[in-house]
1. What's the total number of residues in segment 221-232 that are touching a helix residue (DSSP H, G or I) at 6+ places or on another chain (Cβ under 8 Å) and either crowded, with 19+ Cβ neighbours inside 10 Å or within 24 Å of residue 156 (Cα to Cα) (or both)?
2. Can you find even one residue in segment 132-145 that is touching a strand residue (DSSP E or B) at 6+ places or on another chain (Cβ under 6 Å) and not in a loop (DSSP other than H, G, I, E, B)?
3. Which one is surrounded by the fewest Cβ atoms within 10 Å (Cβ to Cβ), of the residues in segment 99-140 that are under 21 Å from residue 238 (Cα atoms) and without any contact (Cβ under 8 Å) to a residue 12 or more places away in the chain?
4. Count, please, the residues in segment 271-295 that happen to be without any contact (Cβ under 8 Å) to a residue 40 or more places away in the chain and in contact with a strand residue (DSSP E or B) (Cβ under 7 Å, 6 or more places away or on another chain).
5. Are any of the residues in segment 162-172 touching a strand residue (DSSP E or B) at 6+ places or on another chain (Cβ under 6 Å) and either surrounded by fewer than 19 Cβ atoms within 10 Å (Cβ to Cβ) or free of Cβ contacts under 8 Å to residues at least 12 places away in the same chain (or both)?
6. Name the one entry in 180, 245 that is touching a residue at least 60 places away in the same chain (Cβ under 8 Å) and crowded, with 20+ Cβ neighbours inside 10 Å.
7. Looking at 216, 254, which is the one that is touching a residue at least 12 places away in the same chain (Cβ under 8 Å), in contact with a helix residue (DSSP H, G or I) (Cβ under 6 Å, 6 or more places away or on another chain) and assigned to a strand (DSSP E or B)?
8. Looking at 293, 289, which is the one that is assigned to a loop (DSSP other than H, G, I, E, B), more than 28 Å from residue 126 (Cβ to Cβ) and under 19 Å from the mean Cα position of the chain (by Cα)?
């Protein structure tokens, strides 16, 4: 069974919630193991809203939050209602430190872990910068090299020779600098799923109106479905099979400008980075996701 850690901004868009539903359904079916969730943007109801989603889903998973991540633009619209169902975490202070949680899960894992990132990159960059501690004698760089199989990340716009800007890399200076650092120093292979992949794939249209996920989408302003950037990344990462999930890819080296968040890609057959390209019609991905997110 593959083991995963999810990083999410859990912020202004509800495709994170659709992605989490998909991931939790796989976890509950024992097809994968979700070992931790790291929230990398922080507002009043972030951690409690996440705990409420987990409680309503019937699972308990450790939650960490970057309490310094308050400077991203955007406003949470669905977390407050979810927070009313929280059982274990009533405020952000109740959640774990994200770096310590990452280090503990990685250090204690008997096998390599996959990381799914559908938010901002600063926690991952700070994980790399972490020093040996009571949790592990390994530095962050060493821990990632020893315990991370692959990083799957929804970020960037790819296939543009002149470069491009995308929300998860350019929301603010913190996001841009972290993304630059990540591309330079992360040791495992990285697969990027860009904005252009999920923008026209609309999912969540078939949810029962009594489903709390549907209510979250309504609270976020998307009662008729949402673009599928994050659920597409989660489905791709948990499967790991690009062909079966309807993708081709381009290998090479990704780069992000830390000053403005522009992303670039230099193609190379032996590169450790890759970005995916759709090879199926949008309906293929819609059907895959919608069939997997019901309660």
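1. Step one: list which residues in segment 221-232 are touching a helix residue (DSSP H, G or I) at 6+ places or on another chain (Cβ under 8 Å), which gives 223, 225-232.
Okay, now just the ones that are also either crowded, with 19+ Cβ neighbours inside 10 Å or within 24 Å of residue 156 (Cα to Cα) (or both), so 225-232.
Selection size over segment 221-232: 8.
2. Within segment 132-145 (the criterion being touching a strand residue (DSSP E or B) at 6+ places or on another chain (Cβ under 6 Å) and not in a loop (DSSP other than H, G, I, E, B)), the answer is no, since none of the residues qualifies.
3. The extreme case among them is 110.
4. Residues flagged as without any contact (Cβ under 8 Å) to a residue 40 or more places away in the chain and in contact with a strand residue (DSSP E or B) (Cβ under 7 Å, 6 or more places away or on another chain) within segment 271-295 amount to 2.
5. Scanning segment 162-172, I find at least one residue that is touching a strand residue (DSSP E or B) at 6+ places or on another chain (Cβ under 6 Å) and either surrounded by fewer than 19 Cβ atoms within 10 Å (Cβ to Cβ) or free of Cβ contacts under 8 Å to residues at least 12 places away in the same chain (or both), so the answer is yes.
6. Going through 180, 245 in turn, just one is touching a residue at least 60 places away in the same chain (Cβ under 8 Å) and crowded, with 20+ Cβ neighbours inside 10 Å: 180.
7. 254
8. Details: 289 fails: assigned to a loop (DSSP other than H, G, I, E, B).
None of the other options fit; the residue is 293.
The values are calculated or read from the model by the stated rules, or taken from the named source; none is laboratory data. Predicted model only: the values in this text are computed from it and were never measured. So basically every Cβ, Gly included, is an ideal-geometry build from the backbone, and we count neighbours across all protein chains shown.
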